[in-house]
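Okay, so here's the structure we're looking at.
The values are calculated or read from the model by the stated rules, or taken from the named source; none is laboratory data. Predicted model only: the values in this text are computed from it and were never measured. No Cβ is skipped: glycine too gets one built from the backbone with ideal geometry, and neighbour counts run over all protein chains shown. Accessible surface is based on the protein model in full, side chains and every heavy atom, while ligands, DNA and RNA are left aside. Shrake-Rupley method; radii C 1.70, N 1.55, O 1.52, S 1.80 Å.
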Amino acid sequence: MKHIGWRERLFKSTRGKILDLLRTRDRTVNELAEELHLTDNAVRAHLASLERDRLVAQSGIKPGIRKPHVTYALGTEAEQLFPKAYGRLVSLLMTIFSRQVKRRNLRAGMRAAGRTIAQEHLRALKGKSRQQRIDAALEILKELGGAATFHEEDGKHFIYGNGCPIAAATANHPEACMLAESLLTEVIGSPVKEHCIRGPAPFCRFEVK
């Protein structure tokens, strides 16, 4: 775990690709096999190995045409594989700032931070389509340590994310979500509104207007 090279090699392997897919949402054997272009049995073998290491765990049941399918999610040991250091630092800083500034000013500061991060990418996005900008936004979130996917539901557009790099801060300081909201608004070029779930099992949810 101490060596970056070990982590990089893991995520280039099939097991690492499975972990990366499970960061975005729980999946069945069939879904993983389709994404990775492998047989179901090959995926089951990898999952069995990951389960033994407590990197993956069964999370539920999903209805199927013939029979229900077991879904898999990241296990308790998997979280240490992904960047998490920002969360505690941001939480500490926001605790200090919240004692010295008004809440609206704290929210404004987080939005300003999001815009600042976005500015680093806007030149490369000039002339890009809406979908290309959304794809770029997802990649930026991944670079920051999270994992996100884009979904269309009932005519509305959402970005869902797991593994939020500042989850440790958002539980007690929901204003921290303004950073991502502002970042996504600037990068995508459309208003974005956060509807995140905070707590022990945080789940990022942003609506793209």
Item checked: Checking Ile65 against (1) hydrophobic (A, V, I, L, M, F, W, C); (2) modelled with pLDDT of 90 or more; (3) more than 23 Å from Phe203 (Cβ to Cβ), the condition it does not meet -> (2)
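Which ones in region 182-206 are within 19 Å of Leu122 (Cα to Cα) and touching a Pro at 6+ places or on another chain (Cβ under 9 Å)?
Scanning region 182-206 gives a single hit, Thr185.
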Check: What are the pairs, 6+ residues apart or on separate chains, where a residue within region 101-115 that is over 16 Å from Ser91 (Cβ atoms) has its Cβ under 8 Å from a residue that is among the hydroxyl-bearing types (Ser, Thr, Tyr) and surrounded by 12 or more Cβ atoms within 10 Å (Cβ to Cβ)?
Finding: Arg111/Ser182; Ala112/Ser182; Gly114/Ser182; Gly114/Thr185; Arg115/Ser182
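Taking the residues in region 54-74 that are over 14 Å from Ile18 (Cα atoms) and not in a strand (DSSP E or B) as candidates, determine which candidate is least open to solvent (accessible area, probe 1.4 Å). Steps first, answer last, please.
Residues of region 54-74 that are over 14 Å from Ile18 (Cα atoms), as a first pass: 59-70.
Keeping just the survivors that are not in a strand (DSSP E or B) gives 63-68.
Working: Pro63: 115, Gly64: 35, Ile65: 175, Arg66: 233, Lys67: 133, Pro68: 85 Å².
My answer is Gly64.
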Margin query: Name the residue that is surrounded by the fewest Cβ atoms within 10 Å (Cβ to Cβ), counting only residues in region 5-47 that are farther than 19 Å from Lys62 by Cβ and small (Gly, Ala, Ser).
Written below: Gly5
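Please find, within region 154-173, the residue that is least open to solvent (accessible area, probe 1.4 Å) out of those that are at pLDDT 85 or above and farther than 16 Å from Glu143 by Cα.
Here is the first cut: in region 154-173, the ones at pLDDT 85 or above are 154-160.
Among the residues that remain, those that are also farther than 16 Å from Glu143 by Cα are: 154-158.
Numbers: Asp154: 159, Gly155: 63, Lys156: 106, His157: 46, Phe158: 11 Å².
Selected residue: Phe158.
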Check: If you go through region 174-203 one residue at a time, how many are open to solvent by 20 Å² or more (accessible area, probe 1.4 Å) and modelled with pLDDT under 85?
Finding: 8
Next item on the list: Take region 197-208 and flag every residue that is free of Cβ contacts under 8 Å to residues at least 40 places away in the same chain and either charged (D, E, K, R) or within 21 Å of Arg133 (Cα to Cα) (or both).
Entry: Arg198
Check: Being within 19 Å of the chain's Cα centre (by Cα), at pLDDT 80 or above and exposed (fewer than 12 other Cβ atoms within 10 Å of the Cβ), is that true of even one residue in region 117-131?
Finding: yes
Check: Does any residue of region 13-30 turn out to be at negative phi, out of contact with any Lys or Arg (no Cβ under 7 Å at 6 or more places or on another chain), among the polar types (S, T, N, Q) and free of Cβ contacts under 8 Å to residues at least 24 places away in the same chain?
Finding: yes
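Being in a helix (DSSP H, G or I), more than 22 Å from Val90 (Cα to Cα), in contact with a helix residue (DSSP H, G or I) (Cβ under 9 Å, 6 or more places away or on another chain) and among the small types (Gly, Ala, Ser) narrows it down to one of Ala124, Ala118, so name that one. Even if it seems obvious, please write down each step before you answer.
On the way: Ala118 fails: more than 22 Å from Val90 (Cα to Cα).
Result: Ala124 is the single residue among Ala124, Ala118 that is in a helix (DSSP H, G or I), more than 22 Å from Val90 (Cα to Cα), in contact with a helix residue (DSSP H, G or I) (Cβ under 9 Å, 6 or more places away or on another chain) and among the small types (Gly, Ala, Ser).
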